[in-house]
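Report on the structure given below.
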Amino acid sequence: MRLDRITLRQIRMPLVHFFETSFGRTTERDIILVEVESGGVSGWGEVTAGEHPFYNEEWTASAWLILRDYVAPDVLGRELAGPEEVAPLSGHIREHRMARGGLEAAVWDLAARLEGVPLWKKIGGGARREIPCGVSIGIQNSVEELLDTIARELATGYQRIKIKIKPGWDVDVVRQVRERFPSIKLMADANSAYTLADAEHLRRLDDFYLMMIEQPLSHDDIIDHAVLQAQLATPLCLDECIRTANHVAQAARLRACGIINLKLGRVGGFREARRVHDAAQAAQIPVWCGGMLESGIGRAHNIALSTLPNFVLPGDVSASSRYWQRDLIHPAVEVTPQGTIAIRDQPGFGYELDLEYIRHLTVREESLS
Ligand code: OSB
Ligand code: MG
């Protein structure tokens, strides 16, 4: 396989509802789509970076430059024995994994399409025909709105609820959610809003038998999470600070967490995602698939990833309609009344692309060959 063209497109899509975390509120996404071509066949990937460098160091504009000036030139025109050869070609770049992973995932999709097999099969997945789904609910304008939103998502069938927390929107909010919904699978994600000085405060969350608390401490920390975990009954789940399989091994050695949120972009694509998955499995740490408010393309990749065997907990991969009035793919991703997404058997990531709609949303485009 040889890539003869790489096309970067930046699309702008308004969210149907704002999404607020401890680091800010998002109302509209600016997403980079990566199309890779070989012999007239295209594969597609999505860069999961945010609009600002607040979740991690990447953002849409930085990802564009990393892809255009560093990643694409090293991959174009090269004979590739398979998609696993793509990630090492950009391995000399420090971090910027979401940019690198967007192109890498596109090549996996292309390879699956060239072989006529579904992406889930190409990556070695297929452990399940339906993936269990939860939802991630952002900080709302009021607790009443949050409770109403949770009730609506539960009625749709979602298997677990994640709420976002930050100082000032944490223990009291979780208490009210627990009082209203005593037996649901519930968890909280802090996106690095606390420090070890808050350990006493965070310990109060132990009263609410949460499934896990996600990334309470610094985005780049594993050691303090281990110190905090020793003081909590609730399992910690690491998100931001797990970028490599080696980080998984370090977290396991230190007992820094009980669970890992695995995001395709955060670790730099399928090759490292599989290594992270395998390292967690070897350490008996269950994983689940995180989300980054993806369009249908990134969502379809996440669905394929979620069929690897150690994805045993409901993820943040949910229906297209929770994010978009209209998605880029046909059909849109839908969730069953049991709160699952069914796997599709079409080649590649398994959905049709709405190229006309993508063109309509495109605000920037550049082809490299
Ligand atoms: O920490 O998991 C996170 C969205 C943007 C940035 C970080 C996170 C999230 C989510 C949303 O929780 C998951 C989704 O619904 O896509
Ligand atoms: Mg998170």
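The values are calculated or read from the model by the stated rules, or taken from the named source; none is laboratory data. These numbers come from a predicted model, not from an experiment. Quick reminder, even Gly has a Cβ in these numbers, built from the backbone with ideal geometry, and neighbours come from all protein chains shown. Areas reflect the complete protein model, heavy atoms only, side chains present, ligands, DNA and RNA absent. Shrake-Rupley method; radii C 1.70, N 1.55, O 1.52, S 1.80 Å.
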Order by accessible surface, 1.4 Å probe, largest leading, for residues MET187, MET1 comes to MET1, MET187
The simple spin-label model distance between ASP74 and ILE93, using points 7 Å out along Cα→Cβ, in nm, is 0.8
Measuring from its Cα centre, the chain shows a charge dipole (+1 at each Lys and Arg Cβ, -1 at each Asp and Glu Cβ) which, in debye to the nearest 20, is 640
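In the range 64-216, what percent of the accessible surface is made up of carbon and sulfur (1.4 Å probe, ligands and nucleic acids excluded)?
Numbers: 2880 of 6090 Å².
The computed percentage sits at 47.
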Given Cβ charges of +1 for Lys and Arg and -1 for Asp and Glu, the option among SER369, LEU110, PRO314 whose Cα lies farthest towards the positive end of the dipole of the chain is PRO314
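Ordering TRP288, TRP169 by accessible area with a probe of 1.4 Å, largest first, what comes out? Spell out each step's value before the answer.
Numbers: TRP288 0, TRP169 30 Å².
Per-residue accessible area, sorted high to low, gives TRP169, TRP288.
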With x for Gly and Pro, the residue-by-residue ³J(HN,Hα) of the range 111-118, computed from phi through the Karplus equation 6.51 cos²θ - 1.76 cosθ + 1.60 at θ = phi - 60° and given in whole Hz, is 4, 5, 5, 4, 8, x, 10, x
Counting every C-alpha pair in the chain, the percent lying more than 40 Å apart is 9
per DSSP, antiparallel bridges as share of beta bridges in the range 122-342, % nearest 5, sits at 15
From the Cα centre of the range 68-87 to that of the range 104-144, the distance in Å is 23
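In Å², what does the accessible area per residue of the chain work out to with a 1.4 Å probe?
Values: 14320 Å² over 369 residues.
Heavy-atom accessible area per residue stands at 39 Å².
Which value results when the Cα radius of gyration for the range 220-364 is divided by 2.2 N^0.38 Å?
Details: Rg = 16.9 Å, N = 145, 2.2 N^0.38 = 14.6 Å.
This ratio for the range 220-364 stands at 1.16.
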If one compares the long axis through the Cα atoms of helix 171-180 with the longest principal axis of the Cα atoms of the chain, the angle in degrees, nearest 10, works out at 90
Residue-ordered couplings for the range 289-296, obtained by feeding phi - 60° into the Karplus form 6.51 cos²θ - 1.76 cosθ + 1.60 and rounding to whole Hz (Gly and Pro as x), are 8, x, x, 9, 6, 6, 6, x
In whole percents, the bins of 5 Å from zero upward hold the Cα-Cα pairs of the range 122-342 as 1, 7, 16, 19, 20, 17, 12, 6, 1, 0
For the pair SER367 and ARG204, the simple spin-label estimate (label points 7 Å beyond Cα toward Cβ) gives in nm 5.9
